[in-house]
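Colleague: I have a structure I would like to understand better, so I am pasting it below and will then ask my questions one at a time.
The values are calculated or read from the model by the stated rules, or taken from the named source; none is laboratory data. Please read these numbers as outputs of a predicted model, since none were measured by experiment. Cβ coordinates were reconstructed from backbone atoms using ideal geometry, including for glycine residues, and neighbour counts include every protein chain displayed. Protein only, heavy atoms only, side chains kept; ligands, DNA and RNA dropped before computing areas. Shrake-Rupley method; radii C 1.70, N 1.55, O 1.52, S 1.80 Å.
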Amino acid sequence: QEALNGVDTLLHLGWSTVPATAEQDPQADQRTNVEGGLRLLEAVRAAGVRRVVFLSSGGTVYGPTDRLPIPEDAPTRPISAYGISKLLFESYLGLAAKQHGFEHVILRPGNVYGDPVPRQRPQGVVEHWMARIAANRPIEVWNDLAVTRDLPHVDDMTTAILAAADRPVDHAVLNVGTGIGTSLGELLQLLERVVGHPIATEVRGTAPAAIPANVLDPQKAMDVLGFRTTVPLATGLERLWLQINGTR
């Protein structure tokens with residue numbers, strides 16, 4: 001609690017797992033993230049924090065759906081341990097906010113990209129593909145290239161987080177995305193334009209994707225936060241490619 005004394009707004013952006021690691025050990029995921037989150041909410045209550053902004057997951061809490069782009073009132077049917085944990089903590093956060101009278105904003109982002117720092121965690125197709133291209137290795141393809149995702153840039157994600165901390169809103173659940181679906185095949189074509197040559201692929205799996213398409217409707221965030229994405233995908237990919245090559 002001491003760490004939160006005098007804190008007006010808490011940005012809860014920490015999560016100890018990514019989808020793949022949560023699936024490997026769901027019990028550890030629950031202990032660390034949900035139980036740990038409940039202890040955090042108790043500290044929030046005791047310290048009198050005014051607002052909590054929680055970074056959830058628009059890519060996993062909805063599950064498979066034919067309703068695209070996906071609005072916030074769409075059914076939530078997560079099919080992964082990661083999505084279940086995120087959605088469960090969303091519910092606990094909403095309950096605590098109602099019981100103890102603090103404000104809360106839940107952000108559900110798409111597949112955010114734009115981190116130039118090399119990493120080993122199994123998350124982020126854009127970064128993993130670019131790292132392999134930079135190392136002159138074939139990119140790994142695990143599903144059909146028709147798999148479609150919503151790819152907001154990290155700079156736009158940061159803008160949304162800061163708006164959620166600052167704008168006058170009591171309680172809200174908001175998607176953070178572009179509203180534009182990009183297939184892996186389209187992403188591959190864009191990357192070939194960025195790097196200026198054909199990219200070799202290495203097929204590792206051909207099973208149908210559990211979630212063939214995930215595209216988020218950003219209209220509510222636009223209305224509530226005044227949020228607009230400002231980094232087109234082609235621009236963001238060019239910027240990231242330059243950053244990755246500059247940090248090798």
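Colleague: Could you give the spread of the C-alpha atoms of region 1-104 along their three principal axes, from largest to smallest, in whole angstroms?
Modeller: 44, 30, 19
Colleague: Any chance you could tell me what percent of the C-alpha pair distances in region 170-230 go past 17 Å? Before the final figure, lay out the partial values.
Modeller: Numbers: 1095 of 1830 pairs.
Tail of the P(r) past 17 Å holds 60 percent of the pairs.
Colleague: Answer rounded, prolate or oblate for region 80-199, using the Cα gyration tensor with square roots of eigenvalues a ≥ b ≥ c: rounded when a/c is under 1.5, else prolate when a/b is larger than b/c, else oblate. Let's see the in-between values first.
Modeller: On the way: a/c = 2.66, a/b = 2.24, b/c = 1.19.
It comes out prolate by the Cα gyration axes.
Colleague: So what is the calculated 222 nm ellipticity per residue for the chain, using -39500 (n - 2.57) for each DSSP H run with n of 4 or more, over all residues, to the nearest 500 deg cm²/dmol?
Modeller: Values: 9 runs with 99 residues, N = 248.
After summing the helix terms and dividing by the residues of the chain, the value is -12000 deg cm²/dmol.
Colleague: Can you pull the Rg over Rh of region 1-62, Cα-only, Kirkwood? Don't skip to the end; give the middle numbers.
Modeller: Values: Rg = 13.2 Å, Rh = 12.8 Å.
When Rh is taken as the Kirkwood radius, the ratio is 1.03.
Colleague: Please calculate how many Å² of accessible area the chain carries per residue, with a 1.4 Å probe and no DNA, RNA or ligand atoms counted. Walk me through the intermediate numbers first.
Modeller: On the way: 12210 Å² over 248 residues.
Heavy-atom SASA per residue in the chain reads 49 Å².
Colleague: To continue, here is another question. Between Ala213 and residues 5 or more places away or on another chain, which pairs have amide H atoms under 5 Å apart, with H built 1.01 Å from N, and which residues are they?
Modeller: Placed amide hydrogens put Thr65, Thr148 under 5 Å from Ala213.
Colleague: Something else about it: In whole angstrom, note down how far apart the Cα centers of region 146-202 and region 1-52 are.
Modeller: 25
Colleague: Sticking with this structure for a sec: Using DSSP to call loops (not H, G, I, E or B), can you name the trypsin sites (Lys or Arg not before Pro) in region 132-240 whose Cβ has at most 13 other Cβ atoms within 10 angstrom? The partial results should precede the final answer.
Modeller: Numbers: sites: Arg132, Arg149, Arg193, Arg204, Lys220, Arg228, Arg239; in loops: Arg204, Arg228.
Those that pass, being in a loop and sparsely packed, are Arg204, Arg228.
Colleague: OK, next. Which whole-Hz ³J(HN,Hα) couplings does region 125-140 yield from phi under the Karplus relation 6.51 cos²θ - 1.76 cosθ + 1.60, θ = phi - 60°, glycine and proline marked x?
Modeller: For region 125-140, the Karplus curve yields 4, 4, 5, 5, 5, 5, 5, 5, 4, 4, 8, 6, 10, x, 7, 8 Hz.
Colleague: On the protein heavy atoms, probe 1.4 angstrom, tell me the percent of accessible surface of the chain carried by carbon and sulfur.
Modeller: On the way: 6460 of 12210 Å².
Looking at the chain in its full context, I get 53 percent from C and S.
Colleague: Contour minus end-to-end for His100 and Thr158, with contour as 0.36 nm per residue of separation and end-to-end as the Cα-Cα distance? Present the calculation step by step, with values, prior to reporting the outcome.
Modeller: Values: separation 58, 0.36 × 58 = 20.88 nm, distance 2.76 nm.
Fully extending the segment from His100 to Thr158 adds 18.1 nm.
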